[in-house]
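Asks: Encoded as structure tokens, here's the structure I'll be asking about.
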Amino acid sequence: MDKIKKIGVLTSGGDAPGMNAAIRAVVRTCAFHEIACAGIYRGYEGMIEGDFIDLNARSVKGIINKGGTFLKSARSNGFRTKEGRQKAHNALKKAGIDALVTIGGDGTFTGAMIFNQEFNFPVIGIPGTIDNDIFGTSHTLGYDTTLNTVVDVIDKIRDTASSHNRLFFVEVMGRDVGHIALNVGVGAGAEEILIPEEDLGLDRLLDSLRRSKESGKSSSIVVVAEGDKIGKNVFELKDYVEEHLPEYEVRVSVLGHMQRGGSPSCFDRVLASRMGVKAVESLLDGKSNFMVGLLSDKIQLTPLEKAIKGQSKINKELIRVSDIMTT
Ligand code: F6P
């Protein structure tokens, strides 16, 4: 493989806190190794259009603490087509970019893998999504920040719940997985946690709430993962519980996109920095088609294909801890 002279970096899919810190790390590692770096705007959309900006170590000052992504992000339909990918390849060649670091989730990695296969173009992925649903890393970028944001909000909701003796259903993000819900549920002391990986069932939910009341609790928080499969959405759950347990006054809070914003936690900034260094140095070592991830506190490589196809398993021990904590 020819020596890499210029690396392109992009963010794609849903933004996540820590993406800016990762871009900064990629740019500065390129500068450290005296190779050029270009930012690609709006993910694969900008790649197709050749929307690039040359970046040096100073271009990324003051962004480590910023949420979102200054390169912006998009979900690209054009890149799903062979024609779109050909255009993107032409644009990269024209700009002298000969390797890519893609920051995003499994959709981003699928695009990167296909691009690598079609054009033998060196790519390394950095997992950036609040959902933590990527195999090959214990933490994706943004996940830790989101946990802290959500715990903070639930603490505030609890003030109202306990002042008014209410039950709150709090819906959190996570797409099809329950990592956010399970962790914030334990962290915020929720009475029940509904996640897609475990079907609690409506009867058991009612039993649990009944027991909770009998044990002397005057207010309750139930955290519901957006992908939960109990068969009712949070608003239907409210009606159902009020109908069967009229002693409860129920409210619903759907937290939404506020969970994705805000300044990244220290953990996410450090993780982004480590991943950025490893991504660039892996490319310079001639590696391609891998994702960098955190495993046993080490930054390690997992083939992109495995990262996409593997499952990020829910922590069963944490489910048990949660069950014991709600006694
Ligand atoms: O993947 C991140 C995420 O925030 C999910 O938790 C959520 O289901 C989805 O993106 C929302 O996507 P959008 O911002 O396109 O509505």
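The values are calculated or read from the model by the stated rules, or taken from the named source; none is laboratory data. Since we're looking at a predicted model, the values are computed, not measured. As a convention, Cβ positions derive from the backbone with ideal geometry for all residues, glycine included, and neighbour counts pool all protein chains shown.
Asks: So if I check each of ALA88, ALA25, which one is surrounded by 22 or more Cβ atoms within 10 Å (Cβ to Cβ), small (Gly, Ala, Ser) and over 25 Å from the mean Cα position of the chain (by Cα)? Give the steps one after another, and end with the answer.
Replies: Numbers: ALA25 fails: over 25 Å from the mean Cα position of the chain (by Cα).
Checking each option against the conditions leaves just ALA88.
A quick yes/no check of all residues on (1) in contact (Cβ under 8 Å) with a residue 24 or more places away in the chain; (2) assigned by TED's automatic domain parsing to the domain that holds HIS33; (3) in contact with a Pro (Cβ under 6 Å, 6 or more places away or on another chain):
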site: ILE221; (1), (2), (3): yes, no, no
site: GLU243; (1), (2), (3): no, no, no
site: SER253; (1), (2), (3): yes, no, no
site: LEU294; (1), (2), (3): yes, yes, no
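Asks: For GLU198, indicate whether it is within 29 Å of GLY105 (Cα to Cα), in the same structural domain as VAL150 (by TED's automatic domain parsing), of a type outside the set (A, V, I, L, M) and buried (at least 19 other Cβ atoms within 10 Å of the Cβ). Explain how you work it out, then say what you get.
Replies: Details: within 29 Å of GLY105 (Cα to Cα): yes; in the same structural domain as VAL150 (by TED's automatic domain parsing): yes; of a type outside the set (A, V, I, L, M): yes; buried (at least 19 other Cβ atoms within 10 Å of the Cβ): no.
No.
Asks: Let me ask something additional. Please work out if VAL241 is within 16 Å of the ligand (Cβ to nearest atom), surrounded by 14 or more Cβ atoms within 10 Å (Cβ to Cβ) and more than 17 Å from the chain's Cα centre (by Cα). Step through it out loud before you land on a result.
Replies: On the way: within 16 Å of the ligand (Cβ to nearest atom): no; surrounded by 14 or more Cβ atoms within 10 Å (Cβ to Cβ): yes; more than 17 Å from the chain's Cα centre (by Cα): yes.
When the stated conditions are applied, VAL241 does not pass them.
Asks: Does any residue in segment 307-327 that is outside the structural domain of LYS217 (by TED's automatic domain parsing) come within less than 9 Å, Cβ to Cβ, of a residue that is surrounded by fewer than 12 Cβ atoms within 10 Å (Cβ to Cβ) six or more places away or on a different chain, and which pairs are these?
Replies: The qualifying pairs are THR327/SER215.
Asks: Restricting to segment 133-165, name every residue that is in a loop (DSSP other than H, G, I, E, B), within 19 Å of ALA225 (Cα to Cα) and hydrophobic (A, V, I, L, M, F, W, C).
Replies: Within segment 133-165, just ILE134 meets the criteria.
Asks: Mind listing just one residue for me: the one in segment 245-278 that is away from the ligand (no atom under 16 Å from the Cβ) and basic (Lys, Arg) and, of those, nearest to the chain's Cα centre (by Cα)?
Replies: Ranking the candidates gives ARG269 first.
Asks: Sticking with this structure for a sec: Is segment 187-203 home to any residue that is under 18 Å from LYS316 (Cβ atoms), within 15 Å of the ligand (Cβ to nearest atom) and among the hydrophobic types (A, V, I, L, M, F, W, C)?
Replies: Checked against the condition, which is being under 18 Å from LYS316 (Cβ atoms), within 15 Å of the ligand (Cβ to nearest atom) and among the hydrophobic types (A, V, I, L, M, F, W, C), segment 187-203 yields at least one hit.
Asks: Take ASP297 and decide whether it is at pLDDT 95 or above, on the phi > 0 side of the Ramachandran plot and of a type in the set (D, E, K, R). Step through it out loud before you land on a result.
Replies: On the way: at pLDDT 95 or above: yes; on the phi > 0 side of the Ramachandran plot: yes; of a type in the set (D, E, K, R): yes.
Spelling it out, ASP297 is indeed at pLDDT 95 or above, on the phi > 0 side of the Ramachandran plot and of a type in the set (D, E, K, R).
Asks: Considering segment 119-146 alone, what residues qualify as being away from the ligand (no atom under 13 Å from the Cβ) and more than 18 Å from LYS66 (Cβ to Cβ)?
Replies: If we filter segment 119-146 for residues that are away from the ligand (no atom under 13 Å from the Cβ), which is where we start, we get 119-126, 135-139, 144.
If the condition is that a residue be away from the ligand (no atom under 13 Å from the Cβ) and more than 18 Å from LYS66 (Cβ to Cβ), then PHE119, ASN120, PHE121, PRO122, VAL123, ILE124, GLY125, PHE135, GLY136, THR137, SER138, HIS139 are the ones that fit.
Asks: Another question about this same structure. When you look at GLY231, is it more than 30 Å from VAL27 (Cβ to Cβ) and surrounded by fewer than 14 Cβ atoms within 10 Å (Cβ to Cβ), yes or no?
Replies: Details: more than 30 Å from VAL27 (Cβ to Cβ): yes; surrounded by fewer than 14 Cβ atoms within 10 Å (Cβ to Cβ): yes.
Considered against the rule, which asks whether it is more than 30 Å from VAL27 (Cβ to Cβ) and surrounded by fewer than 14 Cβ atoms within 10 Å (Cβ to Cβ), GLY231 comes out as yes.
Asks: A further question follows. From the list GLU281, GLU214, which residue is in the same structural domain as ILE124 (by TED's automatic domain parsing), surrounded by fewer than 21 Cβ atoms within 10 Å (Cβ to Cβ) and either away from the ligand (no atom under 16 Å from the Cβ) or modelled with pLDDT under 95 (or both)? Steps first, please.
Replies: Values: GLU214 fails: in the same structural domain as ILE124 (by TED's automatic domain parsing).
The conditions single out GLU281.
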